[in-house]
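Heads up: the structure comes next, in structure tokens.
The values are calculated or read from the model by the stated rules, or taken from the named source; none is laboratory data. Everything numeric in this text was worked out from a predicted model, so none of it was measured. Because the Cβ atoms are built from the backbone with ideal geometry, glycine has one as well, and the counts that use them run over all protein chains shown.
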Amino acid sequence: MNNKSPKLTVDGVLINNKKILLIKRKNKPYKNKWALPGGFVEYGEKVEDAVIREFFEETGLKTDVINIQGVYSDPNRDPRGHTISIVYFLKLLGGKLQANDDASEAGFFNFYKLPELAFDHKKIINDIKKEVK
């Protein structure tokens, strides 16, 4: 039996005026590509707490979870190895938008004029577009 297990990640979706918040990745993989703010869940951490923490670390914005958007588990979604991402819709509570931590830039983008995206985030955002009209 294989003892390897997938790593667990989270991604946050914040929509404002029909625009979605993305960060430009500072590090490999996909350095300088845009992505949903997110990252790895720490051992002993609830996934809802992880998405709020990661989102704040990368954007400076305080948020809360609205609901789950979906789970993405394609073994090839991350070149570092098999990751499973739980994606959450978030609501803004406060803070000031500024790129921090693993992000070199942060900004809102029109759903139909997106930059080149990292990982499987194009698929995730296409799924989101079906829900947000």
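Being among the hydrophobic types (A, V, I, L, M, F, W, C), over 13 Å from ALA35 (Cβ atoms) and without any contact (Cβ under 8 Å) to a residue 40 or more places away in the chain is a description that applies to LEU93. Of the residues making up the range 1-30, those that are in a loop (DSSP other than H, G, I, E, B) and over 15 Å from the mean Cα position of the chain (by Cα) are MET1, ASN2, ASN3, LYS4, SER5, PRO6, ASN17, LYS18, LYS28. Taken over the range 97-133, the residue count meeting the criterion of being surrounded by fewer than 14 Cβ atoms within 10 Å (Cβ to Cβ), modelled with pLDDT of 95 or more and aromatic (Phe, Trp, Tyr) is 0.
Could you say which residue among PHE109, PHE119, PHE55 is part of a loop (DSSP other than H, G, I, E, B) and of a type in the set (Phe, Trp, Tyr)?
When all the criteria are applied, what remains is PHE119.
Somewhere in the range 58-78, is a residue in contact with a Ser or Thr (Cβ under 9 Å, 6 or more places away or on another chain), assigned to a loop (DSSP other than H, G, I, E, B) and within 14 Å of ASN16 (Cβ to Cβ)? Checking the range 58-78: not a single residue is in contact with a Ser or Thr (Cβ under 9 Å, 6 or more places away or on another chain), assigned to a loop (DSSP other than H, G, I, E, B) and within 14 Å of ASN16 (Cβ to Cβ).
Taken residue by residue, the range 3-17 has no member that is buried (at least 17 other Cβ atoms within 10 Å of the Cβ), out of contact with any His (no Cβ under 9 Å at 6 or more places or on another chain), without any contact (Cβ under 8 Å) to a residue 40 or more places away in the chain and of a type in the set (A, V, I, L, M).
Test of understanding: among ILE52, ILE84, ILE23, which residue is within 30 Å of LYS4 (Cβ to Cβ), modelled with pLDDT of 95 or more, in contact with a helix residue (DSSP H, G or I) (Cβ under 8 Å, 6 or more places away or on another chain) and surrounded by 14 or more Cβ atoms within 10 Å (Cβ to Cβ)? Going through ILE52, ILE84, ILE23 in turn, just one is within 30 Å of LYS4 (Cβ to Cβ), modelled with pLDDT of 95 or more, in contact with a helix residue (DSSP H, G or I) (Cβ under 8 Å, 6 or more places away or on another chain) and surrounded by 14 or more Cβ atoms within 10 Å (Cβ to Cβ): ILE23.
Being in contact (Cβ under 8 Å) with a residue 12 or more places away in the chain and on the phi > 0 side of the Ramachandran plot narrows it down to one of GLY81, GLY44, so name that one.
Values: GLY44 fails: in contact (Cβ under 8 Å) with a residue 12 or more places away in the chain.
So the residue among GLY81, GLY44 that is in contact (Cβ under 8 Å) with a residue 12 or more places away in the chain and on the phi > 0 side of the Ramachandran plot is GLY81.
When residues in the range 56-103 are screened for being within 17 Å of ASN27 (Cα to Cα) and of a type in the set (A, V, I, L, M), 2 of them pass.
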